[in-house]
Amino acid sequence: MAYDPLLARIDQLSGAFNAGQIDRRQFLKGLVGLGLSLPAISVIVAACSTAATPSPAALASATAVPATASAAAASLAAMSPTAMATADLTALIAAAKAEGDIYQTGIPPEWVNYQAIFDLWKQDYGIPIDGTATEGEYSSGQELDSIKNTGKPDVGDVGIAFAVQAKQQGLSAPYKNSHWDDIPDNAKDADGYWCCNYWGAQAFAVNTDAVKIPINDWKDLLDPSLKNAVGIDGDPTKANDSFFAVWSAAIANGGGVDNIQPGIDFMNKLQQSGNLTAARASDANIISGEVKIAIKWDYLGLAVRDKAAGAPNITVTIPSSGSLASPYADIIAAKAPHPNAAKLWQELIYSDAAQLLFLGGYAHPIRYNVLNAAGLIPAGLAAKLPSADLYKNVTLVTDITKITAAQAVLGTGWKIVINS
Amino acid sequence: MSATTPASFAGTPAAAKRRGGRAAITLLPFAVLISLFLVAPTLSLIWGSFHDNKTGVFTFENYSYLQHPLDLVPFKNSLELSLASTVVGGLVGLLIAQAIVSSRRPIIQEIATTFSSVAANFAGVPLAFAFIATLGANGLLTRQLLNAGVDLYGGGFKLYSVLGLTIVYAYWEIPLMVLVMLPPLQAMKPAWREAAEILGASRWQYLRSVAIPILMTPFISSLLLLYANAFGAYATAYGLTDGFVALVPIQISNLINGDISFDPGQADALAIGLAVIMVVCIGGRAILERRSARWLAR
């Protein structure tokens, strides 16, 4: 193969990434900086791992197409059987560029790696992103208020209950992205009014310096050596995180999404055994060793693992009999001033590249199982996460009537746990 | 809230009336404050506790917690915790206050008073963290004791329990007791003791017949203050136990801002239960204060 400066630079970057000299984000930024299109980047990233450098063939095929918008569309279409027709996407990109702006609400750059996704967007389409500074930190409720009252936002990232509410109140517009068929039925609105983009699952963050027995499943938490060791993230009648911890415990004990009671009973057993501590599974309490096994969202557990950096050693695992996952969803505002840019944003965030960026921020992208089956998850990234096999037992909770029902049962049931 | 005119204040009846009127005007801002932040909320609590918060219909349903053993656990925990921390804080605080007074060194008195004022106000989440770091399952003291062969948690102790909370509450109850008992102890006149001794009283007789009767009322009223203080405390307990130890203030908070157990009507009813206990404590203290004021006025 003839010497190609672009290939040489990619080689150098992937070498540095694999050798651990640069982190994933710097690697991606470097690739973006080379003017590569997003699908090309995702191929390179997928090919990269701590074990192997990308093969020249993979690089060549990834970079053979010049990084123009239409080429991006072409390779996007080539990568997924369900991708929209090239002509349609080209037209969408042109229309979005003509609108010249996108206004986002509730999409903060530091959350689930959104900054890297913003970079991709700007690199590929060059359309300015507005609203982040003012509305980036909005809660889901505030996002809906802004859509309703200011009419400014084009897109928003909301909790699942609010996505459903937005549709009921006529605040969102329907759109089905190119990867629609990849997305599980319960994670999207049948009419396209919302679509889940990523999720977190309940996991065990185990301080392996203090806990010497293997913790793989819920029943392991009852071991007599674990006195005052197990903590949840707050009062489950108030905090969503610990509410899902209790609910997840139901799965291994004969309950599940339809029945939270066995989870409450399990927590009661844990409390009676003296293993459940009242200390909150906060970062501070996990790092100090006050809470030795934290039941909380996987992305929070992975973040505290990285924060602790070996002091203490923390391993994050998904209970083998399963746990529950709670997704976030993406909506397009019904009165979006830039409807095409909003649609193009959907195309971007459900693309392989952006979905892998979510994973890099430890949020599991909604197309995780598809990406995993296609072998597109870089080994280096996979090694930082609990195994993909464990995630097969994770159940996505999207039915808000079931959430309300479980909360009602918990309201009375939790009193028995703490008061008896 | 009416301004009373002390007898010594009266000149001619007309002058008294005029002065009374002026006093009432100066009291106006206070009266407004009290009605906005004490009287109005209390009335709204009483009203809310007897009405269904959804339909607005008159009901006793909000007080149904009085019949459910599980719902009375927060009251039991709160009563136990307040009683225990009052006894500990009251006795230890009294001894320290007496030691300060007997030292007769102004510098010690000043340092002790300053420290007590600071410690009595150190509460909430920072105090909770301080205790987790000290006496938590993996706390500094816990680990040092373990090294010395004393296994606190193995022996059943838990910081996140009524006992643990009692220790934490004592942290501010003791200095509070010191602060409120110092003035009456300092007001005990040496002349009383000398007079008793001249009349041939032994030390014990002096204590029994003079000191204890005079100090009893401020002592009991201080205990009532400590008790009410412990009963109403919220932030420290919540920061420490995250709702795992059910206490009345935490239960009220769950009912008004919990996503799951939202029931403002029942919260009002619980708050009335709490208010009754507080009124008994503080009212009792006010009555006793008035009795001892006669003796201890300087």
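The table below gives the values:
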read-out: Least to most buried among B:Leu179, B:Leu33 (fewest other Cβ within 10 Å first); value: B:Leu33, B:Leu179
read-out: Spatial separation of Cα centroids for the stretch A:351-420 and the stretch B:191-239, in angstrom; value: 61 Å
read-out: Cα gyration tensor category, rounded, prolate or oblate, for chain B with a/c compared to 1.5; value: oblate
read-out: Helical contribution to [θ] at 222 nm, DSSP H n ≥ 4, -39,500 (n - 2.57), averaged over chain B, rounded to 500; value: -23500 deg cm²/dmol
read-out: The stretch B:125-167 shape via C-alpha gyration tensor axes, a/c threshold 1.5; value: oblate
read-out: Sorted by Cβ neighbour density within 10 Å, fewest at the top, the residues A:Lys269, A:Lys307, A:Lys212; value: A:Lys212, A:Lys307, A:Lys269
read-out: Qualifying chymotrypsin sites (Phe, Trp or Tyr not before Pro) for the stretch B:40-72 [loop in DSSP, other Cβ within 10 Å: at most 14]; value: B:Phe60
read-out: Separation in nanometres of the label points that stand 7 Å from Cα toward Cβ, at B:Val125 and A:Ala374; value: 4.3 nm
read-out: Which listed pairs, of A:Lys238/B:Lys54; A:Lys148/A:Lys392; A:Lys122/A:Lys152; A:Lys392/B:Lys158, have C-alpha distances above 29 Å, in listed order; value: A:Lys148/A:Lys392; A:Lys392/B:Lys158
read-out: The stretch B:139-271: relative contact order in percent, alpha carbon pairs under 8 Å with at least 6 residues between; value: 20 percent
read-out: Summed residue charge, Cβ within 15 Å of A:Lys269's Cβ, Lys/Arg positive, Asp/Glu negative; value: -2
read-out: Under 5 Å, built H, 5+ apart or other chain: amide partners of A:Val394; value: A:Ser323
read-out: Residue-span extension gain [A:Gln169 to A:Ile400] - 0.36 nm each, minus C-alpha spacing; value: 81.6 nm
read-out: Rounded, prolate or oblate (a/c below 1.5 giving rounded, otherwise prolate when a/b exceeds b/c) for the stretch B:66-155 by Cα gyration tensor; value: oblate
read-out: Order of A:Trp345, A:Trp218 under a 10 Å beta carbon neighbour criterion, fewest first; value: A:Trp218, A:Trp345
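Computed from the coordinates by the stated procedures, all read-outs in this text should not be read as laboratory data. Owing to the predicted nature of the structure, the values given are computational and were not obtained by experimental measurement. Reconstructed Cβ throughout: ideal geometry from the backbone, glycine too, with neighbour counts over all protein chains shown.
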